[in-house]
Every structure is written in C-alpha cells, then in structure tokens.
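Remarks on the structure that follows.
The values are calculated or read from the model by the stated rules, or taken from the named source; none is laboratory data. If you're wondering where the values come from, they're calculated on a predicted model, not measured in any experiment. All Cβ positions, even for glycine, are placed from backbone atoms using ideal geometry, and neighbour counts span all protein chains on display. Heads up: the accessible areas ignore ligands, DNA and RNA and are worked out on the full protein's heavy atoms, side chains in. Shrake-Rupley method; radii C 1.70, N 1.55, O 1.52, S 1.80 Å.
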Amino acid sequence: MHPPLEFLIRHPKVSIEKPPLLILLHGVGSNEKDLFSLTEFLPDSLLIVSVRGPITLGRDRFGWYEITFTGGAPKIDAEQQQKSQKILLEFLNFLSTQFQFDTKQVWFGGFSQGAVMSYSIGLEHPDRIKGIIALSGRILEETKKNTKIDDLPHDQKIYIAHGTNDNVIPVTSARASKEFLESMRKQYQYKEYPEGHTISNEMLEDLVSWLDLELKKN
C-alpha cells in the first residue's frame with residue numbers, strides 16, 4: 001500500500017508491543033525533516049512519524065494550506081485545509097495497517113501551521129486523537145465551529161507553548177486559543193516564553209517533561 005503522504009519514522013527506543021504514536025506536522029514552507037530533528041529528545045516509548053505536507057510551495061518547501069494577505073489580514077484556503085485534514089486521517093489509517101501502535105494513544109503535534117493542523121484534527125476528532133501539541137500556533141475560526149463542548153471533563157490532553165515576541169503568529173492568538181479551550185471545558189497546559197517564532201531549548205525541555213508525565217499515566 002502506497003502512503004498518502006511522505007514521512008520519516010522513529011521507532012520506539014524501548015521494547016513495547018503497542019507504543020503510543022506521535023505524528024509531527026511541520027510549518028509552512030518546511031518539510032518532514034524539520035521536526036524530525038527533535039525526535040532524539042522525545043520520550044523513548046513513542047513511535048514518532050514526521051509527515052510532509054501535501055502542498056508543494058517550492059524546492060523542499062511544503063505546506064498544509066495556502067494563505068493570502070488581502071486587505072492586511074491573513075486568509076486561509078479553507079478547502080485546502082479541510083483536504084489536508086482528510087489526508088491526515090487517511091494517513092493515520094495507513095499507519096495502522098503498517099505499524100503496531102496503541103490506537104487509544106495517538107498524539108498530533110506541530111509547529112506554526114503544523115500546530116494549527118494539530119488543533120484542527122485533534123479538536124474535530126477527539127474520539128481518535130488523545131493529545132494535541134501546539135507550538136507557536138492558533139485555533140482557526142473554522143475549527144472552533146466544528147468543536148463541540150465537553151459536558152464532562154474529556155481525557156484529551158493539550159499542550160500549548162508560544163513566544164511573547166512572535167511576529168508571525170502573535171501571542172494574542174495563543175491566548176485567544178486558550179480562552180476558547182476554557183469555554184469548551186478542555187484540559188490544557190499553557191506556557192509563554194520570551195521568544196520569537198521558534199522552538200527554544202526551554203520550550204522543548206518543558207514539553208518533554210510534560211509529555212513524559214502524561215505518557216506514564218497510561
């Protein structure tokens with residue numbers, strides 16, 4: 001079976017029959033090699049798959065959807081975004097036919113546009129996605145409309161990290177996302193850093209500590 005998306009994989013560093021799965025999504029204009037460089041620091045028990053976006057933007061440059069800046073405000077191609085979500089769900093099905101992993105322990109994590117996609121797929125499919133990691137991202141208005149309130153505390157986990165000096169996706173977007181999650185009664189961990197649009201060492205260390213803790217609960 002041919003995979004619907006190109007990817008890199010890191011198998012668990014420990015012997016585990018059905019490991020938790022973490023799917024990493026890069027930012028706009030990057031590729032699957034970008035976040036794959038972080039895998040050496042992430043928990044040993046994880047099966048980690050770093051995926052390439054389906055839209056080609058240039059040589060070794062890919063994305064999940066295109067953005068236009070008409071009238072000063074960014075406008076996303078909502079059709080492309082929805083299509084990328086569908087492809088990612090197909091990709092998840094593909095992985096389940098090729099690799100052993102715990103289907104109740106599927107995590108999506110990303111940076112920038114990859115964080116936007118992680119939010120979208122996680123919040124719109126909470127029955128399939130255990131956790132969301134959003135580094136320097138935001139929740140789209142389209143995703144908010146498709147997110148249902150949790151009448152009871154949901155066991156989905158959400159981690160948010162954002163730089164206060166981010167001039168690509170401003171920290172106000174992260175704060176607005178946090179407020180939306182509160183209104184939806186979602187559990188989350190939120191941290192701000194004196195950084196720009198980047199993943200700093202401190203961000204990564206805090207994420208790994210949190211992820212280690214959450215994985216040990218299961």
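Report the charge-dipole magnitude of region 7-217 in Debye, nearest 20, computed about the Cα centre from +1 at each Lys and Arg Cβ and -1 at each Asp and Glu Cβ.
Roughly 340 debye for region 7-217.
For the chain, the solvent-accessible area of protein heavy atoms averages 49 Å² per residue (probe radius 1.4 Å; ligands and nucleic acids excluded). A simple spin-label model places pseudo-atoms 7 Å from Cα toward Cβ; at residue 103 and residue 70 they are separated by 4.2 nm. Within region 7-217, antiparallel bridges make up roughly 30 percent of the DSSP beta bridges whose residues both belong there.
Calculated on C-alpha atoms, the gyration radius of region 66-185 divided by its Kirkwood radius gives an Rg/Rh of 0.97. Placing dummy labels 7 Å off each Cα toward the beta-carbon, the span from residue 93 to residue 55 is 2.3 nm. Within the accessible surface of region 7-217, defined with a 1.4 Å probe on protein heavy atoms only, the carbon and sulfur portion equals 49 percent. A Stokes-Einstein calculation at 4 °C with viscosity 1.567 mPa s, built on the Kirkwood radius of the chain over Cα pairs, returns a diffusion coefficient of 75 µm²/s. Residue-wise HN-Hα couplings along region 6-18, as the Karplus relation 6.51 cos²θ - 1.76 cosθ + 1.60 with θ = phi - 60° gives them from phi, are 6, 7, 10, 10, 10, 6, x, 8, 10, 6, 8, 5, 10 Hz; Gly and Pro carry x.
Around residue 20, under 14 Å between beta carbons, what's the net of Lys plus Arg minus Asp minus Glu among the other residues? List each step's numbers first, then the result.
Details: positive: 10, 13, 18, 104, 128, 130, 157, 216, 217; negative: 17, 44, 102, 155, 212, 214.
Net charge around residue 20: +3.
For residue 44 and residue 190, a Förster radius of 30 Å and the Cβ-Cβ distance give a FRET efficiency of 0.70, rounded to the nearest 0.05. Of the trypsin sites (Lys or Arg not before Pro) in region 143-218, the ones in a loop by DSSP (not H, G, I, E or B) with at most 16 other beta carbons within 10 Å are 148, 185, 217.
A straight chain from residue 217 to residue 1 at 0.36 nm per residue would run longer than the Cα-Cα distance by 74.3 nm.
Here is the list for region 25-102: trypsin sites (Lys or Arg not before Pro) lying in DSSP coil, each with at most 14 other C-beta atoms within 10 angstrom of its C-beta, are 59.
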